[in-house]
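Only one structure is covered here, and it is reproduced in the block below.
Please treat every number below as a calculation from the coordinates, not as lab data. Given the structure is predicted, the values throughout are model-derived calculations rather than measurements. Note that we place each Cβ from the backbone using ideal geometry, even for glycine, and neighbour counts take in every protein chain shown.
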Amino acid sequence: MIANAETCIKALRILSQDIQSDDGVANAALNECADRMEQLQTDTNRLTTANLQLREGVEELKQRIQRWHDTLTPLMPSDLKSWHENNPSEWPEVTAWVITSQRERINQLEAENDAMRADLLLWEEKEVKP
């Protein structure tokens, strides 16, 4: 049977007090072992907690990436290789580029529409005159 860390630490502390040593070296060594084992146990607990938090963080990131995919993939042009073939970590940049491109295209179409309206008004003015 393997004893847990706390039991071993207590045993080392008891031994460090009970051992009869003329120079006290054995007592100090056992006490140092108990201290180090206690520190290792503390570090192990802290790292285990940190590991669990990191795993939760990874799961949250996976869910966020999936949400990006599910929300934006249907909106992206099917021939947009930079979306469909790139790493998901690049999706925010690709999305920003697509939005910027679409805004530029809208501005271009609005400018062309304004020009056609102006031409239409000029054409109508010429037809109205006797």
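Modelled spin labels at Leu40 and Leu72, positioned 7 Å past Cα toward Cβ, are 4.8 nm from each other. The three principal axes of the C-alpha atoms in the chain carry coordinate ranges of 128, 28, 18 Å, sorted with the longest axis first. The three principal axes of the Cα atoms in region 68-122 give end-to-end lengths of 52, 17, 17 Å, sorted in falling order. Work out the FRET efficiency for Ser21 and Thr49 from their Cβ-Cβ distance, taking R0 = 35 Å, and round it to the nearest 0.05. With a Förster radius of 35 Å, E is 0.40.
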